[in-house]
Amino acid sequence: MKNQLTSSCDDDDEYELSRMVHCWWRSASKFDECAKLKFDLPNISSLTPRLKVLRELERLALVAPDGLHELRHKLLSYRSGDFWVPIGGISKEEMDIPPTITILLVGFTGSGKSSLVNLMYSVLGRSGLIPFAQTALGSSSDFTTMFLEEHNVLRSTQSGFCVYDSRGFDYAQMGESLEEVSNWMTEGVHHNQPCLRPGDDALTKADTEILTLKSSPKYVKRKVNCAMVVANIAEIYKASKAGDFKPLEAIRELFCCPVLRKSNEDPFLILTHGDLLSTEERIEGRLKICEWLGVSETTGVYDIVCLTEYGYLAEDSDPVTAYALTEAVYRGLLISDRGHFPKKNLWDWAALILSCLMCFFAVFFTFLADICSKLGQRDRMKR
């Protein structure tokens, strides 16, 4: 009997230890103060930024066990427009809803975009081992990093959304990076769309042929409905501690890019590689990044541990990471569906054409008035 009790206690200790591994923030300073808030529920606006982060992480841990299955089921049965809310007496049939919602991942080289896609396959596709763990790294060369890659992470032909993995940007070339993002957001994206840049001139002949074949125009061009900015929190934190604020400045330029703000008012921020930092560094890094970006420490910010090189979760039974990723995708689809516009009818097109004509006549007569004014001044000079 004693042995059974001892074994039971050991099992309980192991279970609690495994939970502590996933709930890494519980070893942070002031966590005890955060734990008391479960019973007190004070005014949230009066909480310090650190307590807000700890409170948000506790929320994820509380909801994760049951919420993961619920959200995963919603995504598995999701169809484009399911989360649209009827407003203004306009029916769903009158809305311009694309057949597939497109989520675009953007970030700098090494930020973890491809690892995040692999994690989506693992969590949403309900598969522990991914046969193609190097989603966008290529096998013998870095060619696949030069293309936009479309992924159906649910592995279903009836999926209502897809995720695009993009080529990483360079901190030293922000002008070209923002221009490329602007083109993706305004003109749309398609699978295997090449992402060539000025520094890619030294391509071999065989590589050029591969680029030509992969950039076939047969792929469907999709409008980007939601953009997620992926950032390497470990790299940014360590650089800032060393006095190098270039990564922070670059992330702020990308995150606050007007074209991203126009797509969704508050772009999502996914922080990866946090497991390379200590608990205190991880929290401080998140707070510093949010402060530089001028955003809330909790809303739309997710700290996610991505897959290992073998295609497994860093902890293969980590429900918090799995739920955080699932919630991020769910919120992205929710915002995308609520951002659709009504279809243009005949009157809309007529109004658009009329406004264009009025602008043309306004410019034309302004030009005539300017010419007449200059001719009149010339005649006065002659007199």
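The values are calculated or read from the model by the stated rules, or taken from the named source; none is laboratory data. Note that the coordinates shown come from a computational prediction; the quantities given were computed from them, not determined experimentally. Neighbour counts run over all protein chains shown; Cβ positions are idealised from the backbone, glycine included.
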Of a type outside the set (A, V, I, L, M) and over 20 Å from LEU51 (Cβ atoms): which single residue out of ARG286, ARG282, ARG261 fits that description?
ARG261
Filter the stretch 329-361 down to the residues that are part of a helix (DSSP H, G or I) and within 28 Å of SER122 (Cα to Cα) and list them by number.
VAL329, TYR330, ARG331, GLY332, LEU333, LEU334, ILE335, SER336, ASP337
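Each row is one residue, and each column tells you yes or no for (1) small (Gly, Ala, Ser); (2) assigned by TED's automatic domain parsing to the domain that holds LEU148; (3) at pLDDT below 70; (4) assigned to a helix (DSSP H, G or I).
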{"residue": "HIS191", "(1), (2), (3), (4)": "no, yes, no, no"}
{"residue": "ALA202", "(1), (2), (3), (4)": "yes, yes, yes, no"}
{"residue": "MET228", "(1), (2), (3), (4)": "no, yes, no, no"}
{"residue": "ALA231", "(1), (2), (3), (4)": "yes, yes, no, no"}
Identity of the residue in the stretch 63-77, under 21 Å from the mean Cα position of the chain (by Cα) and of a type in the set (D, E, K, R), that ends up surrounded by the fewest Cβ atoms within 10 Å (Cβ to Cβ):
LYS74
Right, ALA239: of a type in the set (A, V, I, L, M), touching a strand residue (DSSP E or B) at 6+ places or on another chain (Cβ under 9 Å) and modelled with pLDDT of 90 or more or not?
no
Being modelled with pLDDT under 90, among the basic types (Lys, Arg) and touching a helix residue (DSSP H, G or I) at 6+ places or on another chain (Cβ under 8 Å) is the filter here; which residues of the stretch 259-295 pass it?
LYS262
Report yes if some residue within the stretch 341-358 is surrounded by 10 or more Cβ atoms within 10 Å (Cβ to Cβ), touching a Phe, Trp or Tyr at 6+ places or on another chain (Cβ under 7 Å) and in contact (Cβ under 8 Å) with a residue 40 or more places away in the chain; otherwise report no.
no
Scanning the stretch 336-383 for residues that are over 24 Å from LYS262 (Cα atoms) and basic (Lys, Arg), the one modelled with the highest pLDDT turns out to be LYS374
